[in-house]
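*Asks:* Below is the structure I would like to discuss, written out as structure tokens.
The values are calculated or read from the model by the stated rules, or taken from the named source; none is laboratory data. These figures come from a predicted structure and were not determined experimentally. All Cβ positions, glycine included, derive from the backbone under ideal geometry; neighbour counts span all protein chains shown. These accessible areas exclude ligands, DNA and RNA; they are computed on the full protein's heavy atoms, side chains included. Shrake-Rupley method; radii C 1.70, N 1.55, O 1.52, S 1.80 Å.
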Amino acid sequence: MSCDLLIIGGGINGCAIAREAALLGLKVVLVERDSLAAHTSSASSKLIHGGLRYLETYEFRLVREALVERERMLATAPQLIRPMAFVLPHAHAVRPRWMVRAGLYLYDLLGLGSSLPRSRGLRRDDPRLAPLTAGTSGFLYWDAQVDDAALVRANAQDAAANGAEIITGVAVTGAQRDAERWSVTLSDGRTIDARAIVNAAGPWVRDLLDTLGVATTSGLRLIKGSHITVPALWEGDHAYILQQPDRRVVFAAPWRGET
Ligand SMILES: Cc1cc2nc3c(=O)[nH]c(=O)nc-3n(C[C@H](O)[C@H](O)[C@H](O)COP(=O)(O)OP(=O)(O)OC[C@H]3O[C@@H](n4cnc5c(N)ncnc54)[C@H](O)[C@@H]3O)c2cc1C
């Protein structure tokens, strides 16, 4: 088998790259050792967001790019992505009101041209603040929620519809490279001849470099998050973003009728 681009990994990165490359007319093969979206890409917090909290670390360009993508995705896959209002209760001890207000103003500004409503303040008697500690004021801003695994599959389907070959249940086990091309071996005994490889192996990106025989001095630091699903705690389809004393944030969001 021969291709222009061999993509290794069937998470959101691999499948979205496969779709883009196939739309550009490249001959694409994607290989995933388990099933599509079997790992990180089905275990995310299911948010399509610009990353409000990255403003604190001055990553303005990242946030702008993510907000532009948010808008594109809302337009491209409205069946999988829905706008979601976030209630941000005020916690003066963690961040003063002016700072949160300024952050939300900047978030709106970086998202200029967005179809989502702008942020605003919430009065203490707003019913969306009622499930929280009595007497709290807060803010409301908008991002979006996605069925993450379905988004991966939709990208793969569109890639396949545009000529990409999607292989699942087969791992890449080794590779050799001559001056022009890669020769990649698969766990089912097949060999793929590719002009270029995309390493989209997510948390296994470093292991895959070893498998491919590519030397690197770069390291990889893995991070982990936790999600807890509980019966719905409030009515309505809005989410909460809760500031913690150590300045981290916790999201509480509805998911398939639960929270
Ligand atoms: C707790 C948490 C919450 C998150 N929340 C969000 C969020 O709300 N919104 C957001 O946008 N992002 C979020 N992210 C980030 C997002 O989930 C990841 O950036 C994304 O899923 C990574 O996708 P991926 O395709 O790179 O990796 P993965 O989905 O892990 O896919 C990599 C694939 O490579 C395959 N693979 C590995 N080695 C081989 C091999 N040798 N041969 C064949 N296949 C191989 C694996 O089987 C795997 O399926 C979150 C991340 C975490 C950890």
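*Asks:* Using the Kirkwood radius built from alpha carbon pairs, what does the Stokes-Einstein equation give as D for the range 135-207 at 10 °C and 1.306 mPa s, in µm² per second?
*Replies:* 99 µm²/s
*Asks:* I would also like to ask the following. What angle, in degrees between 0 and 90 and rounded to the nearest 10, separates the Cα long axis of helix 148-161 from the longest principal axis of the Cα atoms of the chain?
*Replies:* 40 degrees
*Asks:* Right, something else. What 222 nm value per residue comes from the helices of the chain, counting each DSSP H run with n ≥ 4 as -39,500 (n - 2.57) and dividing by all residues, nearest 500 deg cm²/dmol? Could the numbers behind the result be given before it?
*Replies:* Working: 5 runs with 65 residues, N = 259.
Mean residue ellipticity at 222 nm (helix-derived): -8000 deg cm²/dmol.
*Asks:* Moving on. Rolling a 1.4 Å sphere over the protein heavy atoms, what is the accessible area per residue of the chain, to the nearest Å²?
*Replies:* 56 Å²
*Asks:* So what's the net charge close to Val214: Lys and Arg +1, Asp and Glu -1, counting the other residues with Cβ under 12 Å from its Cβ? Working shown, then result.
*Replies:* Details: positive: Arg177, Arg206; negative: Asp207, Asp210.
Combined, the nearby Lys, Arg, Asp and Glu give 0.
*Asks:* Compute the long axis of helix 97-110 from its Cα atoms, compare it with the longest principal axis of the Cα atoms of the chain, and write down the angle in degrees, 0 to 90, nearest 10.
*Replies:* Compared with the principal axis, the helix lies near 40 degrees.
*Asks:* Let me ask something additional. Less than 9 Å Cβ to Cβ from Gly111, Lys/Arg counted +1 and Asp/Glu -1: what total charge do the surrounding residues give?
*Replies:* Around Gly111, the charge tally is +1.
*Asks:* Tell me, what % of the accessible area of the range 120-259 is carbon and sulfur with a 1.4 angstrom probe?
*Replies:* Values: 4330 of 8510 Å².
Ligands and nucleic acids excluded, carbon and sulfur give 51 percent.
*Asks:* Sticking with this structure for a sec: Ranked from the most accessible area to the least, with a 1.4 Å probe and all protein chains present, what is the order of Phe139, Phe251?
*Replies:* On the way: Phe139 10, Phe251 65 Å².
My answer, sorted largest first, is Phe251, Phe139.
*Asks:* I'd like the accessible area for Tyr105, computed on protein heavy atoms only with a 1.4 Å probe and all protein chains in place. Round to 10 Å², please.
*Replies:* Here the residue's solvent-accessible area equals roughly 130 Å².
*Asks:* Then there's this: Placing unit charges on C-beta atoms (Lys and Arg positive, Asp and Glu negative, everything else neutral), compute the dipole magnitude of the range 144-251 about its Cα centre in debye, rounded to 20.
*Replies:* 400 debye
*Asks:* Which whole-number percentage describes the relative contact order of the chain, with Cα contacts under 8 Å and a sequence gap of 6 or more? Let's see the in-between values first.
*Replies:* Values: 455 pairs, mean separation 72.6, N = 259.
After rounding, I find 28 percent.
*Asks:* Still on this structure: If ligands, DNA and RNA are left out, what is the accessible area of Glu165 with a 1.4 Å probe, given in Å² to the nearest 10?
*Replies:* Per-residue accessible area (Glu165): approximately 80 Å².
*Asks:* With every protein chain kept in the model, how would you rank Asp178, Asp147 by accessible area, 1.4 Å probe, largest at the top?
*Replies:* Asp178, Asp147
*Asks:* Continuing with the same structure: For a test of the definition: using alpha carbon positions, the gyration tensor, and the 1.5 limit on a/c, classify the chain as rounded, prolate or oblate.
*Replies:* Prolate is the answer for the chain, as a/c is 1.5 or above and a/b outweighs b/c.
*Asks:* A further question follows. For the chain, give the magnitude of the charge dipole about the Cα centre (Cβ charges: +1 Lys/Arg, -1 Asp/Glu; no others), in debye to the nearest 20. Kindly include the intermediate steps, with their values, before the conclusion.
*Replies:* Working: 29 positive and 27 negative charges, 187 e Å.
It comes to approximately 900 debye.
*Asks:* Continuing with the same structure: Give the accessible area for Asp207 in Å² (nearest 10); use a 1.4 Å probe, count only protein heavy atoms, and leave out ligands, DNA and RNA.
*Replies:* Approximately 80 Å² for this residue.
*Asks:* Sticking with this one: Among rounded, prolate and oblate, which fits the range 175-229 when a ≥ b ≥ c are the square roots of the eigenvalues of its C-alpha gyration tensor, a/c under 1.5 means rounded, and a/b larger than b/c means prolate?
*Replies:* Cα axes put the range 175-229 in the prolate bin.
*Asks:* How far is helix 12-23 tilted, in degrees, relative to the longest principal axis of the Cα atoms in the chain, given as a value from 0 to 90 rounded to the nearest 10?
*Replies:* 60 degrees
*Asks:* Additional query: DSSP beta bridges in the chain, what fraction antiparallel, as a percent rounded to 5?
*Replies:* 65 percent
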